[in-house]
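Participant: The structure under discussion is supplied below as structure tokens; questions concerning it will follow.
The numbers here are math on the coordinates, done by the rules we state, and not lab data. Everything numeric in this text was worked out from a predicted model, so none of it was measured. Every residue, glycine as well, gets a Cβ built from its backbone with ideal geometry; the counts of neighbours run over all protein chains shown.
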């Protein structure tokens, strides 16, 4: 199973480097603060699938899975435990 601290760090880098979104903390609510809108969210999902090798199905689109970097890391770790291979590309 991937290390949660490493996952959180990698997800934060994805937001800053690929989406130009600076997230103040791992527990910042990305939705309520307006840091992530619907277009950014779709772009984020594409990067998540590409960079982490995680397939996000319609059933996975529970908003609470994607509210914070910490919750996203838990979601990715769960996908890994359930058989999704994570590539964690640098």
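Participant: Would you mind putting 32-41, 66-75 in packing order, based on average other-beta-carbon counts within 10 Å, highest first?
Facilitator: Going by the mean number of other Cβ atoms within 10 Å, highest first, we get 66-75, 32-41.
Participant: How would you rank 59, 43, 49, 8, going from fewest to most other Cβ atoms within 10 Å of each one's own Cβ?
Facilitator: 59, 49, 43, 8
Participant: Another question, then. Given an 8 Å cut-off on Cα distances and at least 6 residues of separation, report the relative contact order of the chain as a percent.
Facilitator: 38
Participant: Angle, helix 69-81 long axis vs. longest principal axis of the chain, Cα atoms, 0 to 90°, nearest 10?
Facilitator: Result, in degrees: 20.
Participant: With axes computed from alpha carbons, what is the tilt in degrees of helix 38-52 against the longest principal axis of the chain, rounded to the nearest 10 within 0 to 90?
Facilitator: Between the helix axis and the principal axis of the chain, the angle is about 30 degrees.
Participant: Starting with the fewest neighbours, write out 16, 57 ranked by other beta-carbon atoms found within 10 Å of each beta-carbon.
Facilitator: Fewest to most other Cβ atoms nearby, the residues stand as 57, 16.
Participant: Follow-up question, since we're still on this one. Given the alpha-carbon gyration tensor of the chain, what are the semi-axes of its equivalent ellipsoid in whole angstrom, ordered largest first, with each equal to the square root of 5 times an eigenvalue?
Facilitator: Listed largest to smallest, the semi-axes of the chain are 19, 14, 13 Å.
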